[in-house]
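Colleague: Attaching a single structure in structure tokens format; questions to follow.
The values are calculated or read from the model by the stated rules, or taken from the named source; none is laboratory data. Nothing here was measured: the structure is a model prediction, and the numbers come from that model. Here the Cβ positions follow ideal geometry from the backbone for every residue, glycine too, while neighbour counts run over all protein chains shown.
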Amino acid sequence: MSKINAILILGAWTAILPFLGFPYFVKNILFSLTGIAVICLACFLRKEFRKQTPKQKASVESFSENGNFMEREPLNSESVSN
């Protein structure tokens, strides 16, 4: 049985478990065991996924401003007041 199918079955089990008529103590134990099983399967799937996907280099997006500021002419007080 694949891990994906096991998670699907555990999900269905979790959905019908409250309606099966177990006492609260037994129901709590079964929910805990189901949760632990889901966590273990998720960890295994995560390891498999990391093995299959290639590692990507961390890239930093950089940008430059609108050009070289040293080439611009300074503003005159006359041109600003018009």
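Colleague: Any residue at all in the stretch 22-32 that is exposed (fewer than 10 other Cβ atoms within 10 Å of the Cβ) and at pLDDT below 90?
Modeller: We begin by selecting, within the stretch 22-32, every residue exposed (fewer than 10 other Cβ atoms within 10 Å of the Cβ); these are 23-25.
Those left that are additionally at pLDDT below 90: none.
No, that holds for no residue.
Colleague: Also, I was wondering about something else. Among the residues of the stretch 5-22, which ones are over 15 Å from GLY35 (Cβ atoms) and of a type outside the set (A, V, I, L, M, F, W, C)?
Modeller: ASN5, GLY21
Colleague: For LYS57, indicate whether it is over 18 Å from the mean Cα position of the chain (by Cα) and basic (Lys, Arg).
Modeller: Working: over 18 Å from the mean Cα position of the chain (by Cα): yes; basic (Lys, Arg): yes.
It is true that LYS57 is over 18 Å from the mean Cα position of the chain (by Cα) and basic (Lys, Arg).
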